[in-house]
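Below is one structure, written out as structure tokens; the observations come after it.
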Amino acid sequence: MTVAEFKATLGTTQPPAGLGQPLLALWYDGRGDWSLAHETAQEIDDATGAWIHAYLHRKEGDAGNAAYWYRRAGKAVATVSLETEWNDIVAALV
């Protein structure tokens, strides 16, 4: 699946079958459901989950919490737009 193909699924009411938890969290976020995206990200106990968690807290406006999760992910705090970061995470996962 490409980033463009993943984005195309955002117009559907159900996520594509077989998505792993990281892409599922980003799918929910891409559909505008921050809460469900966050809930899903909380279940991912690795660096990828931490990166998604960081992005979500950055989007929420909680810079301190986001910085904590970026450190857990082993990444610098993002300074690109939220849209660019979302695309970057999706591209790393597809």
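The values are calculated or read from the model by the stated rules, or taken from the named source; none is laboratory data. Since the structure is predicted, the reported quantities are computational estimates derived from the model, not experimental observations. Quick reminder, even Gly has a Cβ in these numbers, built from the backbone with ideal geometry, and neighbours come from all protein chains shown.
Check segment 20-28 and report whether any residue there is in a loop (DSSP other than H, G, I, E, B) and in contact with a Pro (Cβ under 9 Å, 6 or more places away or on another chain). Reasoning before the result, please.
Pass one, segment 20-28, residues in a loop (DSSP other than H, G, I, E, B): 20.
With the extra rule that they be in contact with a Pro (Cβ under 9 Å, 6 or more places away or on another chain), the set shrinks to none.
So far as segment 20-28 goes, no, none of its residues is in a loop (DSSP other than H, G, I, E, B) and in contact with a Pro (Cβ under 9 Å, 6 or more places away or on another chain).
I need a count of the residues in segment 53-94 that are assigned to a helix (DSSP H, G or I) and closer than 20 Å to Ala4 by Cβ.
13
What are the residues in segment 39-79 that are of a type in the set (Phe, Trp, Tyr) and surrounded by fewer than 18 Cβ atoms within 10 Å (Cβ to Cβ), if any? Spell out how you get there, then give the answer.
Taking segment 39-79 as the starting set, the residues that turn out to be of a type in the set (Phe, Trp, Tyr) are 51, 55, 68-70.
Scanning segment 39-79 gives a single hit, Tyr68.
Mind checking which residues of segment 46-94 are in contact (Cβ under 8 Å) with a residue 60 or more places away in the chain and among the aliphatic types (A, V, I, L, M)? Walk me through it before giving the result.
Taking segment 46-94 as the starting set, the residues that turn out to be in contact (Cβ under 8 Å) with a residue 60 or more places away in the chain are 86-87, 89-91, 93-94.
Matches in segment 46-94: Ile89, Val90, Ala91, Leu93, Val94.
I'd like to verify a number: residues in segment 39-77 that are more than 13 Å from the chain's Cα centre (by Cα), farther than 16 Å from Ala25 by Cα and not β-branched (Val, Ile, Thr), how many?
Count: 12.
Do we have any residue at all in segment 49-68 that's touching a Ser or Thr at 6+ places or on another chain (Cβ under 8 Å) and modelled with pLDDT of 95 or more? If you could, list the steps in order and put the result at the bottom.
Of all residues in segment 49-68, those touching a Ser or Thr at 6+ places or on another chain (Cβ under 8 Å) come to none.
So far as segment 49-68 goes, no, none of its residues is touching a Ser or Thr at 6+ places or on another chain (Cβ under 8 Å) and modelled with pLDDT of 95 or more.
Within segment 11-18, is there a residue that is in a helix (DSSP H, G or I), in contact with a Gly (Cβ under 8 Å, 6 or more places away or on another chain), without any contact (Cβ under 8 Å) to a residue 24 or more places away in the chain and farther than 18 Å from Ala78 by Cα? Lay out the reasoning, then the answer.
Start the filter on segment 11-18 by keeping residues that are in a helix (DSSP H, G or I), which leaves 11.
Filter again for in contact with a Gly (Cβ under 8 Å, 6 or more places away or on another chain), leaving none.
No - not one qualifying residue is present in segment 11-18.
Out of Leu82, Leu19, Leu23, Leu36, report the one residue that is modelled with pLDDT of 95 or more and either crowded, with 18+ Cβ neighbours inside 10 Å or more than 12 Å from the chain's Cα centre (by Cα) (or both).
Result: Leu23 is the single residue among Leu82, Leu19, Leu23, Leu36 that is modelled with pLDDT of 95 or more and either crowded, with 18+ Cβ neighbours inside 10 Å or more than 12 Å from the chain's Cα centre (by Cα) (or both).
Among the residues of segment 40-52, what is the count of those that are outside any helix (DSSP H, G or I) and either touching a Leu at 6+ places or on another chain (Cβ under 7 Å) or among the charged types (D, E, K, R) (or both)?
So the count comes out to 3.
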